[in-house]
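The values are calculated or read from the model by the stated rules, or taken from the named source; none is laboratory data. Predicted model only: the values in this text are computed from it and were never measured. Positions of Cβ are backbone-derived with ideal geometry, glycine not excepted, and every protein chain shown enters the neighbour counts. Each accessible area value is taken on the protein alone, full model and side chains, heavy atoms only, with ligands, DNA and RNA left out. Shrake-Rupley method; radii C 1.70, N 1.55, O 1.52, S 1.80 Å.
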Amino acid sequence: MKVLKFGGTSVGSAASIRNVKEIISSQPGAKMLVLSAMSGVTNSLVELSDACKKDENKPVASVIKALRTKHFDLIDELISDASFRREVKDHIEEILGELQSTTAQAWNEEVNAKILTTGETMLTYIFSSFLKFQGIKNTLLNSRDFMHIENLENPDTGHVAELLNDILKDSEPTDIFIAQGFVRLNSKYEVSTLKRGGSDYTATILGAAIRAEEIQIWTDISGLHNNDPRYVENTHAISQLSFEEAAELAYFGAKILHPQTISPVIGKNIPVYLKNTFTPEAQGTCISSLTDRQGLKAISAKDGITAIKIKSNRMLMAHGFLKKIFEVFDKYETAIDMITTSEIAISLTIDDTSNLDRILAELSNYGELNVDFEHSIICVVGEGLIEDKSSSRIFEILNDVPVRMISYGGSNNNISLLVDTKHKIEVLQKLNQKLFSEKNVSVC
Ligand code: ADP
Ligand code: ASP
Ligand code: MG
């Protein structure tokens, strides 16, 4: 079985949904489809949940009304039979009714997740109905029955497999299964999410669980580009990436992939293809255990980084000191992304600041603290990058912008720079020029 994931823009209109139908119909064999919400819908639901949190009633009715119109318009365009259309709209109305009742409950994390994941529930139902209307047999699954993910960073795909297999063995034989992306049940069996953009992660968790022959992630761009196309002109798609390269790029901000997307498949050797729903013939990117060439491949940037410097001239490099520092982060389950040390100071970065106050209070026992917010990690990636002579040009950036930290040699395939976010776009553009200008470019 293959897993095919379609993102928000791929299911954002009747025309793109028809493209999706063509894409799945052109591929023989059993398929598990993972679908996001229509583009823009999760953002509206975030707005709705925020209003509930602040106890503001006003936006609730208008957001629900807009969601009804958007989904009803889609149904009108996709399903021409009046009675079938009515049936589908009635079901969407029920889902919106549940959403309305959820918004009336006291806000908590589960209420939030129930609100946020409603877009996927509506869209998968409409898509499944559309296929049925077209005479294409399919089974609509409920991801809440099997996406039991206790540990977000390290999902137990074996457990998901057991739950899913039980469901699949009792379901009608069909070649197309449809599942909602983004949603999960957490360790308390409460509805939760895989965080924004999480449908990519749903696809690879399910792919690993069913040991899929391949995973296809269909979006609005023809593969992973060598730099962020939102900020840099003339970027190009990379045809082949290793799992490690793709994992680094996703983790360090390449928005095309949720940060954790690659981790479930990395040890299972399941290839992941990134493809464009709007130009399916374009090659896209293949992520697998193969490396077609060594050297520089791509640059990405991760925002929202906080840098903490701990300065102490007494015991910094003394035996056991770093252990004590790391124990503080471990206690508050906060991952560290970058580290640099000198004889009298250690600098490190985190992106999760939910326990920052408590972390700082404990760290203050070990030295003088300095905290910088709103920084970005610029990550340059490529197998064997460290040995690639042209990568020294990365450091020419030091002439142009202040760089707060540099991480070199942590692995063979990554060099990272920490800069103030206000310099991010300039750094991405300048690095593009320095590293991918005509004389340096290595064509994939
Ligand atoms: P989907 O809704 O299908 O999940 P996303 O918006 O999450 O799609 O991801 C696709 C977008 O990611 C592209 O439209 C592009 O603007 C952005 N993007 C950022 N960095 C990259 C990159 N390195 N390569 C390709 N796309 C990128
Ligand atoms: N709909 C969710 C979001 O917008 C999940 C996803 O699209 O991957 O974050
Ligand atoms: Mg996405």
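Put a dot 7 Å past the Cα of Ile339, heading toward its Cβ, do the same for Ser411, and the two dots end up 1.6 nm apart.
Do any chymotrypsin sites (Phe, Trp or Tyr not before Pro) in the range 154-202 lie in a loop, going by DSSP, with at most 16 other beta-carbon atoms within 10 Å of their beta carbon, and if so which? For chymotrypsin sites (Phe, Trp or Tyr not before Pro) across the range 154-202 that sit outside H, G, I, E and B with at most 16 neighbouring Cβ atoms in 10 Å, the list reads Tyr189. Given R0 = 41 Å, the distance between the Cβ atoms of Ser289 and Glu172 translates into a calculated FRET efficiency of 0.70. With one equal scatterer per alpha carbon and no solvent term, the Debye-computed log10 I(q)/I(0) for the range 7-81 at 0.15, 0.25 1/Å reads -0.64, -1.14. Considering every alpha-carbon pair of the range 146-197, the percent of pairs per 10 Å bin, from zero through the bin containing the longest distance, is 23, 51, 23, 3.
Max-minus-min Cα coordinates of the range 90-244 on each principal axis give 47, 40, 34 Å, with the largest extent listed first. Measuring spread by the Cα atoms of the chain yields a radius of gyration and Dmax of 23.4, 79 Å. Remark: the Lys323-Phe395 segment gains 22.8 nm on full extension, using 0.36 nm per residue and subtracting the alpha carbon distance. Counting only residues at least eight positions apart within a chain, or on another chain, the lysines with an alpha carbon under 27 Å from that of Lys311 are Lys302, Lys323, Lys324, Lys331, Lys422, Lys424.
Do any trypsin sites (Lys or Arg not before Pro) in the range 48-91 lie in a DSSP loop with no more than 13 other beta carbon atoms within 10 Å, and if so, which?
Sites meeting the loop and neighbour criteria: Lys54.
Cα centroid separation, the range 91-151 to the range 398-437: 41 Å.
With a Förster radius of 41 Å applied to the beta-carbon distance between Asp372 and Ile95, the computed FRET efficiency rounds to 0.40.
What does the helix-only formula give at 222 nm for the chain: each DSSP H stretch with n ≥ 4 adding -39500 (n - 2.57), the total divided by the residues, and the result rounded to the nearest 500 deg cm²/dmol? Kindly include the intermediate steps, with their values, before the conclusion.
Numbers: 13 runs with 163 residues, N = 444.
Taking each H run of at least 4 residues, the total per residue is -11500 deg cm²/dmol.
On the principal axes of its alpha-carbon atoms, the range 170-323 has extents of 69, 47, 27 Å, going from largest to smallest. Element breakdown for the chain at a 1.4 angstrom probe: carbon and sulfur atoms account for 47% of the accessible area. Applying 1/(1 + (r/R0)^6) with R0 = 41 Å to the Cβ-Cβ distance of Lys268 and Lys58 gives a FRET efficiency near 0.30. Ligands, DNA and RNA are left out, and with a 1.4 angstrom probe the accessible area of the chain is 45 Å² per residue.
Fully extending the segment from Arg68 to Gln134 would add 21.5 nm, taking 0.36 nm per residue of separation and subtracting the current Cα-Cα distance.
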